[in-house]
Amino acid sequence: MRTLLVLLGPTGVGKTDLSIQLAHHFKSPIVSADSRQIYREMKIGTAIPNAEQLAAVSHYFIGVRSIFDDYTAGKYEIDVLNLFDELFPKHPFIWLVGGSGLYIDAVCRGIDAIPATNNSLRKNLMEHLEKEGLESLRFELRKLDPDIFEIIDIKNPQRVLRALEVCITSGKPYSQLRDNFSKNRDFRILKIGLNIPRDELYNRINQRVDLMMEQGLLDEAKNLYPYWRLNALKTVGYKELFEYLHAKISLDMAVEQIKRNTRHYAKRQLSWFARYDDIEWFTPADTEKIITYISSKL
């Protein structure tokens, strides 16, 4: 039976290196489930696989969209399922690799139950945001849906607005809609989670941010600075450097904020994944254990 093998976990845990080893073993392609690596202009700040890694295994959905595109998890669901129709006849196994919980849910469970954008309501919420500020909308979201408040990026106005919009339009908590809905898929799904001790994860995140700065993240941010208002760029690693380029904070402070906000993001990712009981957890060093586990399920 054709099988989707999902490798998920927090940012910085080591998914990329392990996914290539596993893809080689199972002779399978890798489909990225990263909502930011999909943008071609954001290479350094999203830690896309390097040229050697991309050449080692067939990768999909990395650098295939522009920051100027209006791309959503709903579109991703459709695009990935269409790709599966092409790939599964050639490959009995496909790896879905990433840490974007909404994108993983879109493929594994579907998201059509979430109401479409309500333009009138969105306009009212935008006006509320401009007059009252983001904190006021956060307060409303916490009241309507404390569970979703804990796992989304509450510093991202678009995420807060969308969550509020869903709650108000549906009359139900956003989290309830997501948790109680799942489409039938015509492929089997096995989820492999990666995690390591929290202090080790945070150290890896800090070191990776330093490496990104050495690789030219600041120059990348400078090139994107004219478009800083785009939703795709409201992303950890860029928004902090934009604050530096706005002359609001020092460069050292921006780097420290990137590290802190990336750690917070990793924590939210783990909270998102903790809601599901169908994930088998390992460490990045457990290559053979993962292969044995998967083989026992096939």
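Every number here is computed from the coordinates shown, using simple stated rules; none is lab data. Predicted model only: the values in this text are computed from it and were never measured. Cβ coordinates were reconstructed from backbone atoms using ideal geometry, including for glycine residues, and neighbour counts include every protein chain displayed.
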- [ ] Work out the charge dipole of the chain with +1 on the Cβ of Lys and Arg and -1 on the Cβ of Asp and Glu about the Cα centre, then indicate which of Gly216, Pro146, Leu241 is farthest towards its positive end.
- [x] Pro146
TODO: Under 13 Å Cα to Cα from Lys172, which aspartates and glutamates show up? Leave out anything in the same chain fewer than 8 places away.
DONE: Asp145, Asp147
TODO: Can you tell me the relative contact order of the range 119-179? Whole percent, Cα pairs under 8 Å, sequence separation 6 or more.
DONE: 32 percent
- [ ] Please give every one of the lysines within straight-line cross-link reach of Lys191, meaning a C-alpha to C-alpha distance under 24 Å, and leave out same-chain neighbours fewer than 8 residues apart.
- [x] Lys15, Lys27, Lys75, Lys90, Lys183, Lys267, Lys289, Lys297
TODO: Would you list which aspartates and glutamates come within 15 Å of Lys131, measuring only between C-alpha atoms, while excluding same-chain residues fewer than 8 positions from it?
DONE: Glu140
Open item on the list: Students often check this: by mean Cβ neighbours within 10 Å, which of 185-193, 144-152 ranks highest, and how do the rest follow?
Closed with: 144-152, 185-193
TODO: Filter the trypsin sites (Lys or Arg not before Pro) in the range 210-290 to those in DSSP coil with at most 16 other Cβ atoms within 10 Å of their Cβ, and list the result.
DONE: Arg229, Lys248, Arg275
Open item on the list: Please compute the contact order of the range 140-298 in relative form: average sequence separation of alpha-carbon pairs under 8 Å and at least six residues apart, divided by the residue count, as a percent.
Closed with: 29 percent
Open item on the list: Ranking request for peptides 214-220, 44-50: highest mean number of other beta-carbon atoms within 10 Å first, then the rest in descending order.
Closed with: 44-50, 214-220
Open item on the list: Defining a contact as two alpha carbons under 8 Å apart and six or more residues distant in sequence, what relative contact order in percent does the chain show?
Closed with: 27 percent
